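Each remark here refers to the structure printed beneath this line.
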Amino acid sequence: MTLFSLGVELFKNITDAVEEYLKSNGFKKIIQKDPSYQDIIKEVTSPKQLPLFFYSFSGGFHFYLYSIGEKSSKVKDIIDYILKKYIREMVDVVQESEKISKAVIIPQAPFKFFTCSFCRYSTTADYPLKYLPDNYPGEKGKPVEKVFTPSKKTIKDLCDFLGIPPEKTIKTLIYKAYTEKEKNYFAVLVPGSRNIDERKLKSVLKGKEVELAGIEEVERLTGAPHGFAGPVDLKGLKIIADIEVAKMRNVVTGANERDYHLINVNPGRDFYIDILADVKETQEGDSCPLCGNKLNIREGIKIAEWEKFCYKNMEAETGTIYFDNVILALSEQNCDEKGLKWPSTIAPYKIVVIPINVKDEKLVNYAFSLYTKLNKIIPTVIDDRIQSPGVKFKDAELLGFPIFIILGPKSFEKGTAEIKIRKRDEKLEIDIVKVIEKVCELLNLPTKDCCVEF
């Protein structure tokens, strides 16, 4: 993102107010080349120093906030307060148990997440959903049978051959999870209609890297080629099953034997699940883990992130506000078909003075006099271009000036000016000598600030 004159002023208006608020709440400014809480924590040599609060403004558009040794969620509260001043609607998107992204919903934006319209729960696609325990009543279990399924390695081929839907199958894939020091293998189970989300799997395995086992590894571990692995009588491998698998009854799995599958398999009776977790790809329509209603996919942009953690027995928080995206969100939420409608608190310039006839020397001189006096107390611009009134009005609406002061030949002759309030699309006719006073009233400025004599 590149900001030019008006954008720079808008950005400065917001960030100056944020810095002032942070300082009033005990945050000290630091400068960081590469923002990181680890550098700050190194400076803590005694518990007597705590709590500590810092912020840095790095990377052009981003504010970084740090709290060390504070038991409350101060950084989160600060971010909430700041954003609610500017953004009307935002969503707290759960990414991990102690990590949240704040997002604004914008169609076709790059950040994808899921929300529940009933309980307002939200989460990213890569975060395992925490479902409540269930009794899984289901249908009565039938005896397991082994059936001949020649060369039926894929779920589609298997379902076509047996005449069953994918929901009546369990997909078993062999994964290796590893760190620099160790490597382990797991059988990962999901319903046949779903795919495994490796990001969720990595989270379930506490951050270990995960990778599908090779063809030779699968055959060595299961006794069968890829496509025929299953959880029943699987030796030497822990089983990680998606939460939906535990609810399944009388389903089809691989038999760990070439060209054979098992039917009427029941989890808990025919195989044991070592780790039960949400490891399937999240899809629209999945049930909300809090209320059970359907999740909907949403698109948006991240305007902030927050995380809480413990480091060397110290409570710590980090937060980031992405002001480039805050500006995008503000633009989306403060506009109409004509253009921008900046709130007066953050507008780059609060007022535009528009002389209608720039050939009228007396009118133009008065317009410049008014502009000069207003600009001493309120950021103001004047549009003295040789353009038609329609072009000037359209440009002023497009750029989002909160207040237009329009000086036309007829109104000027009778000693009045027209004030247009962009947000309400309201027009007022005001005695020309009371324009400054009225503008100050509209902008809630103290009376003393309006005492500018002509």
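Structural remarks
- With the highest mean first, a sort of the peptides 425-436, 236-247 on other beta-carbon atoms found within 10 angstrom per residue produces 236-247, 425-436.
- 3J(HN,Hα) couplings calculated from phi for segment 295-312 with the Karplus curve 6.51 cos²θ - 1.76 cosθ + 1.60 (θ = phi - 60°) are, in sequence order, 8, 10, 7, 10, 10, x, 10, 7, 10, 6, 9, 9, 8, 10, 7, 10, 10, 6 Hz; Gly and Pro show x.
- Net charge, V364 excluded, C-beta distance under 13 Å - Lys, Arg +1, Asp, Glu -1: -1
- Candidate values [x] 22.5; [y] 23.1; [z] 27.2, label of the one derived for Kirkwood radius over Cα pairs in Å: [z]
- Think of the chain as a dipole: +1 on every Lys or Arg Cβ, -1 on every Asp or Glu Cβ, centred on the Cα centre; then among P225, I155, V75, V75 lies furthest on the positive end.
- Along the axis of the charge dipole computed for segment 1-137 (Cβ charges of +1 for Lys and Arg, -1 for Asp and Glu, origin at the Cα centre), the listed residues S122, I31, T2 are led at the positive end by I31.
- Measuring r between the beta carbons of K373 and Q333 and using R0 = 35 Å, the FRET efficiency lands at 0.60.
- Put simply, the C-alpha atoms of segment 283-431 give a gyration tensor, and the ellipsoid matching it has half-axes of 47, 20, 12 Å, longest first.
- Computed magnitude of the charge dipole of the chain (debye, nearest 20; Cβ of K, R +1, Cβ of D, E -1): 440
- Converting phi to 3J(HN,Hα) with the Karplus coefficients 6.51, -1.76 and 1.60 and the offset θ = phi - 60°, segment 43-54 yields 7, 7, 10, 8, x, 5, 6, 7, x, 10, 9, 9 Hz in sequence order, with x at every glycine or proline.
- Sites E217 and K112 - FRET efficiency at Förster radius 51 Å, r taken between beta-carbons, to 0.05: 0.95
- Its Cα centre serving as origin, segment 57-188 has a Cβ charge dipole (Lys and Arg +1, Asp and Glu -1) of approximately 120 debye.
- Ligands, DNA and RNA left out, the 1.4 Å accessible surface of the chain is 50% carbon and sulfur atoms.
- Between N357 and D233, the modelled labels are 10.1 nm apart [label points 7 Å from Cα along Cα→Cβ].
- Working note: 222 nm ellipticity from helices only, DSSP H runs with n ≥ 4, each -39,500 (n - 2.57), summed and divided by the residues of the chain, gives -7500 deg cm²/dmol to the nearest 500.
- Taking a sphere under 12 Å around the Cβ of L158 and counting the other residues whose Cβ falls inside, with K and R at +1 and D and E at -1, yields a net charge of +2.
- Per-residue ³J(HN,Hα) for segment 95-104, Karplus 6.51 cos²θ - 1.76 cosθ + 1.60, θ = phi - 60°, Hz, x for Gly and Pro: 10, 8, 4, 10, 9, 9, 9, 9, 10, 10
- Modelled FRET efficiency - R0 45 Å, D324 with S193, Cβ distances, 0.05 increments: 0.70
- Within segment 235-260: backbone nitrogen closer than 15 Å to the K142 label point (7 Å, Cα to C-beta): 249-253
- Degrees between helix 5-24 axis and first principal axis of the chain (Cα, 0 to 90, nearest 10): 70
The values are calculated or read from the model by the stated rules, or taken from the named source; none is laboratory data. Treat the numbers as computed from the prediction; the structure is a model and nothing was measured. Neighbour counts are summed over all protein chains in view; Cβ atoms, including those assigned to glycine, are modelled from backbone coordinates with ideal geometry. Protein only, heavy atoms only, side chains kept; ligands, DNA and RNA dropped before computing areas. Shrake-Rupley method; radii C 1.70, N 1.55, O 1.52, S 1.80 Å.
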